[in-house]
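The values are calculated or read from the model by the stated rules, or taken from the named source; none is laboratory data. Since this is a predicted model, take the numbers as computed values, not measurements. Every residue, glycine among them, receives a Cβ derived from its backbone with ideal geometry; neighbour counts consider all protein chains shown. Side chains are part of the model used for accessible areas, which takes the heavy atoms of the whole protein and leaves out ligands, DNA and RNA. Shrake-Rupley method; radii C 1.70, N 1.55, O 1.52, S 1.80 Å.
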Amino acid sequence: MSAKPLLVIGGIALDITATVGKSFGASILHTSTPGHVKQSLGGVGRNVAEAAWRTGANVKLVSVVGDDLAGESVKQGLKSIYMNTEYIQTLKNQPTAVYNALHSEDGQLVAAVADMNIFDSMDTTRIVSILQHEKPNFVCFDGNVTAQMMKAIAIACQALAIPALFEPTSVPKSLKLFQHTETIMAQAVKYTSPNQFELEAMCDTIRSNPILSNAMKKQNDLVDSAMMPLKLKHAPRLAHLAFPNASFLSQFIPNVITKLGEEGCLYVSKNAGVEYFAPESIQPNEIVNVTGAGDCFVGTLIANLQKSATTNMSANTLRSIIRNAQIASIRTLKSNRAVSKEISPDLLL
């Protein structure tokens, strides 16, 4: 385990899922309905951090909770699995982030309310101070933090020569990364892990930004499109569709790992590296829960990237890292938890 920590900065939440009882056939609206309620630890940053911790990284999660029962529950949940909580700050008069979902009896989402406003109150100065104190050799931050904080993280990481990964979280949240051009121009964000929808939105935002677009015109090292058919010969159509945008984004974030769901993932790097990764095998009846699978991919990915942060990573090493991240995702798909207990140090290279 690395002496220097892996710092994960992002969201932590209490997930509450209510599922209507199977014997109940009447309308579930405007009335109390028999069913089952499940509470669990959630939040992208928290899920990523736990997956990295289970993979074997020395992880410190930086986040906030409110001074309420949900906040205490979240912190106790982290302590119960022996995760570090020293940088989980409790904010007075703020509610802990909660994701509250209502599911039909067959598990389909009927409605949901996500209260994530507390992350707007995270202290940027405190985060920069933690970075300067810990001097981690790898940082991951998710789309829940503010655009201003993203800029501060990027500038601090640049000053300390720390590589960072940005996990977009959602289409709207992915666009915060480009709200301040200094965030990208700092060139500290070396990796990103969008899905195909986030990838498209991120590229559209760059193209509409005059400063970033002008910077793009000065660069001529886009991955040669003529190489694509050979590199992606056996890849599905979705990978071919994602390739141009991934190649474009790699000019600003050198390593783009696009999550393609059940069709695997696509890696594109600024130095003309292109590789498609077929999905790991799983049968439909083995899938228990899809929540957290992408977060676990990122957690195992960054645990391995941190371990290799001080070395010149070979293509074979990166290939093994991505394969192990896919295995972590599969283990969580087979679990009823957002982060499977089966994720373990056997996935750490």
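Only residues that are of a type in the set (S, T, Y), open to solvent by 30 Å² or more (accessible area, probe 1.4 Å) and part of a loop (DSSP other than H, G, I, E, B) were counted in the range 265-317, giving 5. Can you name the condition, by its number, that A70 falls short on among (1) in a strand (DSSP E or B); (2) over 17 Å from the mean Cα position of the chain (by Cα); (3) among the small types (G, A, S)? Evaluating A70 over (1) in a strand (DSSP E or B); (2) over 17 Å from the mean Cα position of the chain (by Cα); (3) among the small types (G, A, S) leaves (1) as the failure.
For the range 32-46, which residues satisfy the criterion of being closer than 13 Å to L102 by Cα and outside any strand (DSSP E or B)? S32, T33, P34, listed by residue number. Of all residues being more than 13 Å from I302 (Cβ to Cβ) and under 21 Å from the mean Cα position of the chain (by Cα) in the range 27-61, which is modelled with the highest pLDDT? Just the residue, please. Per the stated criteria, the residue is R46. Candidates in the range 189-215 are the residues that are of a type in the set (S, T, N, Q) and not in a helix (DSSP H, G or I); of these, the one that is most open to solvent (accessible area, probe 1.4 Å) is S208.
Please indicate, with yes or no, whether at least one residue in the range 284-304 is over 30 Å from Y99 (Cα atoms) and out of contact with any Gly (no Cβ under 9 Å at 6 or more places or on another chain). Within the range 284-304, none of the residues are over 30 Å from Y99 (Cα atoms) and out of contact with any Gly (no Cβ under 9 Å at 6 or more places or on another chain). Among the residues that make up the range 285-301, is at least one of them more than 18 Å from the chain's Cα centre (by Cα), of a type outside the set (A, V, I, L, M) and under 26 Å from Q108 (Cβ atoms)? Yes: one or more hits. Cβ separations smaller than 9 Å between residues 6+ apart or across chains give the following pairs from the range 145-163 residues that are in contact (Cβ under 8 Å) with a residue 12 or more places away in the chain and among the aliphatic types (A, V, I, L, M) to residues that are open to solvent by 80 Å² or more (accessible area, probe 1.4 Å) and in a loop (DSSP other than H, G, I, E, B): A147/Q179; M150/Q179; A154/Q187; L160/K135; I162/K135. Within the range 1-18, if we keep just the residues that are over 30 Å from Q148 (Cβ atoms) and open to solvent by 40 Å² or more (accessible area, probe 1.4 Å), the residue that is modelled with the highest pLDDT turns out to be A3.
Listed by first and then second residue, the pairs with beta-carbon distance under 6 Å, at least 6 apart or on different chains, first residue in the range 333-346 and open to solvent by 40 Å² or more (accessible area, probe 1.4 Å), second modelled with pLDDT under 90, are K334/E286; K334/V288; N336/V288; N336/N289.
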